Structure formats: structure tokens, C-alpha cells
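For reference, the structure is listed below as C-alpha cells.
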Amino acid sequence: MTKNDNMKQSIKDFDYDELCSVIADFGEKEYRVKQIFVWLYEKNVEDFDEMTNISKELRNKFNEKYIMSPLSFEDRQISTIDGTEKFLFKTFDNHFIESVLIKNQGDKSDRLTICVSSQIGCPMGCRFCETAKIGFKRNLSAGEILDQVCQVRRMSGLINNNVVFMGMGEPFLNYDNVLKAADIMNYTFSFHLSVRKITISTCGILPAIERFIDEKRPYNLALSLNDTDSNKRIVNMPVEKKYPFKNIAAVLKDRLPVSRNRLTVEYIMRKDNISSEDVNRLKKMFNYSKVKLNLIPLNNGNHDLIIPEKHEMDSFIKKLEEMNIPVSIRKSMGSDISGACGQLSGKRYRLKNSMGGNVNAIH
């Protein structure tokens, strides 16, 4: 649960049952809970005093004990290439996280996606990811996750219809808070996002994947694979040592087809992982229904990995399609503001007062 310097807890940390307990302690009726959720998420107010159908006495109680927004806004950058927006937030304990608003992704011109962070930093150490350079600081609370959506909506003036847990951190290492936030997003008296519009990504935390399936969680699942050779994946994604992708693939092949979940396999294309052998291994690993391969070109970053030429990626994609593997290509959105896949770092920025308005990082 999130607390600020004055040790006030964030009201956004509470799910329906928890807020029912708070309301009961205040001597109020349960119907107030839905009213409050509507104000928090549908109407997206910034202050308890804006809740005009709530008594002044109850608003005062909330003001005395709770805070509305656990995050403070620091900066906003807008891509001149594709209109992607990146938002920098500061937490109560002076760390920084980033969220991204992605517009008109792919061929769906009406899709508005907010990519949220789930941790401050990340412990997974993936070689191609800027967040990994920070190391792990702590998990975000459910309220800190939800407040990213609230503030991005408020500042952009846009209502997203899609959320992906693909920002900073490994969502399944913060399982309880991530799933709690997703559940609240799905409330009809909250953001009212369809379960098919919420996607949770993981680099392969096998116990959490099994728990996710066991609990019959309805949200989309995305697996960051990025290699078909175990020896390469250990170098690029150290999680492979503890949870080999072959074990994960076996579990998913056995159990996912009988679940309601859709699986997307995310695959960052590098110079050294788009061979014919990689195509064959992908075909063997994921040859059952409900699986889509989402290809992502490697983005620039503080790594020594080689970005493939366009004709090399095109050849890889053609071979996959010839083997009837469902493929989608994710265009790198927001690369000029370091908002694309693997580029989020939580650094502070300022706009330089010079011709062209270059954005410089402040470490």
C-alpha cells in the first residue's frame, strides 16, 4: 500500500471489498463505494472535494486520512514521429517511473493504449532493456499503477481503450498488486475496460504463470521470449536459467488451450535470432491454437546487440508466414523520445531552450 511523507494512504490502493470496510468504519452505507469508484476512475477527479454527491463530512474524513494521487507528475514528452506520449512520474519516496500513451497502433486507428509500469526498476537483467540498468527498487502498489492511467487520461484528454502491463518492471513479480489493479480497471463503475483489452506481460515467471491459469484470470497473457536457443536466451534474458522457456512452452501447450486466455509470444528481432533454425524452433514450440507471435524490431539502447536490416527481418517474417505461424508486427512507437520497447529508464528530463527543442536527459 502506498503512503506519502505524511503517512497518508492512497485511496486508489483499495479494491471494492476493502473500500467497503473503510466506508463501514465511517458509518456509511455500501452504495457509497460505487459512487467513490465512479469519481476516482470514470470522472477522474483530482480532489475529494470534487465528489459533489458525497457529504462534506465524509469528504473531510477522506481528506484527513487518505490521499487521492500517489504519484506526482514530472514531465511529458510527445513524439514528433508518431504522436506517442511519454509521462514521467515521481513516487512518494522520490523514485521515477514512466508510462506511455500509444495512439493508432497497427491497423486499428481507434486503439488507444496506455503502457503502465509495475515496478520501480527491474530485477530481471535483460540485456536489451534500459529499465534493467536501474536495478530493482521496489514494487508499485495497485494505486500507483492505477494512478498512471488516471493522470495520463487527464493530461492527454484522451480515454484509452487498451492497457498493457509492459512498462518498467516484471509484472508477475508484483503479481498481487498487478492483478488487483487489473481487476479494478475491469469494474463497470471504474475504467470499465474489457478483459480482452488488458494484457499482462511476463518474461517467464513460471510459478506465476501457473497461478494465473489456476485462478482462471481472464486477461490476455504475453510471454517475452526473444530467443529460441536456450544458450542465447540465458545471455540475453537471465530468467532462462531458472525458468527455461521449454518448460514454460510445455506448460502453456498443456494448459492454455483449455483456458480462456489468449497468448501472445513477444519476440524482439535481432541480427542473431532470425535464422531459418529459429523459425523451425518457433513452429515446434507454439504449434497450438490461441497463440500469436508479435514481432518487435530491436530498438536502440545501451547494449551491444545488432539491429537487423529490413530485408533480413522481411525474410524472417516471410518464412514464419509460410509455416502458417500467426504473426503481427509491432511498430516501434515513440523511439525518438525513448518510449519504445526496452527504452524506459525513469530518467528525469528537461526541455532545452534551443532551436529545435532538443530533449536532454538529466541523470
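The values are calculated or read from the model by the stated rules, or taken from the named source; none is laboratory data. Not measured: the values here are computed from a predicted model. Cβ placement follows ideal geometry from the backbone for every residue including glycine, while neighbour counts extend to all protein chains displayed. Side chains are part of the model used for accessible areas, which takes the heavy atoms of the whole protein and leaves out ligands, DNA and RNA. Shrake-Rupley method; radii C 1.70, N 1.55, O 1.52, S 1.80 Å.
Key figures for this structure:
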read-out: Qualifying trypsin sites (Lys or Arg not before Pro) for the stretch 40-69 [loop in DSSP, other Cβ within 10 Å: at most 12]; value: LYS43
read-out: Helix-only CD estimate at 222 nm, as mean residue ellipticity for the chain, using -39500 (n - 2.57) per DSSP H run (n ≥ 4); value: -8500 deg cm²/dmol
read-out: By average C-beta atoms within 10 angstrom, highest first, the peptides 148-159, 195-206; value: 195-206, 148-159
read-out: Per residue accessible area in Å² of the chain, where ligands, DNA and RNA are left out and the probe is 1.4 Å; value: 45 Å²
read-out: Candidate aspartates and glutamates - alpha carbon under 18 Å from LYS86, same-chain residues fewer than 8 apart omitted; value: GLU74, ASP75, GLU98, GLU130, GLU144, ASP147, ASP336
read-out: Of all accessible heavy-atom area on the chain, the percent that carbon and sulfur account for (1.4 Å); value: 48 percent
read-out: The stretch 157-280: Cα Rg divided by the 2.2 N^0.38 Å rule of thumb; value: 1.13
read-out: Longest exposed-site-free window of the chain, the sites being GluC sites (Glu not before Pro) in a DSSP loop that have at most 12 other C-beta atoms within 10 Å; value: 47-214
read-out: Listed residues SER332, SER99 arranged by accessible area, highest first, probe 1.4 Å; value: SER332, SER99
read-out: Percent of Cα pairs exceeding the 26 Å cut-off, where the set is the stretch 63-217; value: 25 percent
read-out: Chymotrypsin sites (Phe, Trp or Tyr not before Pro) within the stretch 1-96, DSSP loop, no more than 16 other Cβ atoms inside 10 Å; value: PHE26
read-out: Cys residues of the chain counted as unpaired, since no other Cys beta-carbon is under 4.7 Å; value: CYS20, CYS115, CYS122, CYS150, CYS203, CYS341
read-out: Among the listed pairs LYS137/LYS253; LYS133/LYS318; LYS180/LYS242; LYS8/LYS43; LYS103/LYS292; LYS133/LYS319, those beyond 31 Å (Cα-Cα); value: LYS137/LYS253; LYS133/LYS318; LYS133/LYS319
